[in-house]
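First comes the structure, then the notes that go with it.
What follows draws every value from the coordinates through simple rules; no lab data is involved. Every value quoted in this text rests on a predicted model; they were computed, and no experiment measured them. All Cβ positions, even for glycine, are placed from backbone atoms using ideal geometry, and neighbour counts span all protein chains on display.
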Amino acid sequence: MGARCGGHLRDDPVLVCQVRAGLCQPAASAPPRPGDKWHLDEVFVKINGITHYLWRAVDQHGDVLDILVQSRRNAKAAKRFFRKLLKGLRYVPRVLVTDKLASYGVAHRELLPSVTHRRCKYLNNRAENSHQPTRIRERVMKRFASPGQAQRFLFAFSHIRQHFRPRRHLISAPQWRTEMTVSFAVWDEVIATAAA
């Protein structure tokens, strides 16, 4: 899957060639639909000395679907995360993969009974690995100041990080360079628009 291109297709003949070659998608197109296998996990985050939980959903490609910072890890918190995750979507996943936390089972039975639920310690490595960049940013920022600040920052950070992370193992070096050039061009356009 290619990166999203910035600009108007009418004005840029190079962009037209890239879209026709399948290197990128025009900016006006809808964002790609996430995968149908979702990995869900939660991790402890200390904020001002109080333990909070960062709930995260990742698809099978490693793209972060949504995050939520909550003070609890019970069934009510799991249901709240599921509702937030499903909000605005017109489909449900084929498979949910979680660890053995019982809260996921309650939320699954009540909100997504038709979806296959796999509970295993080792199947959920995709979600476990997605916490690593968060831990690095948390260390650099010397922890988060409040749950709201953590929620806002991590939501933006996860989406911006995905923009600059093409699947390097699936593409050749010239394709990777092209994708990164397009990603930085889109980023420059977004920054210029925000500054204006």
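Within a Cβ distance under 13 Å of GLN132, other residues only, what is the Lys/Arg minus Asp/Glu net charge?
Values: positive: ARG56, ARG126, ARG135, ARG137, ARG139, ARG161, ARG165; negative: ASP41, GLU128, GLU138.
Summing Lys and Arg as +1 and Asp and Glu as -1 gives +4.
Each label point was placed 7 Å from the Cα along the Cα-to-Cβ direction; for GLU110 and THR181 their separation is 5.3 nm.
Other residues within the sphere of radius under 11 Å centred on the Cβ of VAL106, judged by their own Cβ, net out at +2 (K and R +1, D and E -1).
Count charges around ASN74 for me, please; just the other residues with Cβ under 14 Å from its Cβ, Lys/Arg as +1, Asp/Glu as -1. Result for the neighbourhood of ASN74: +3. Spin-label model, ASN125 to ASP36: label points 7 Å out along the Cα-to-beta-carbon direction sit 2.5 nm apart.
Partners of LYS100 within straight-line reach, counting lysines whose Cα lies under 27 Å from its Cα and excluding those fewer than 8 residues away in the same chain: LYS37, LYS46, LYS76, LYS79, LYS84, LYS87, LYS121.
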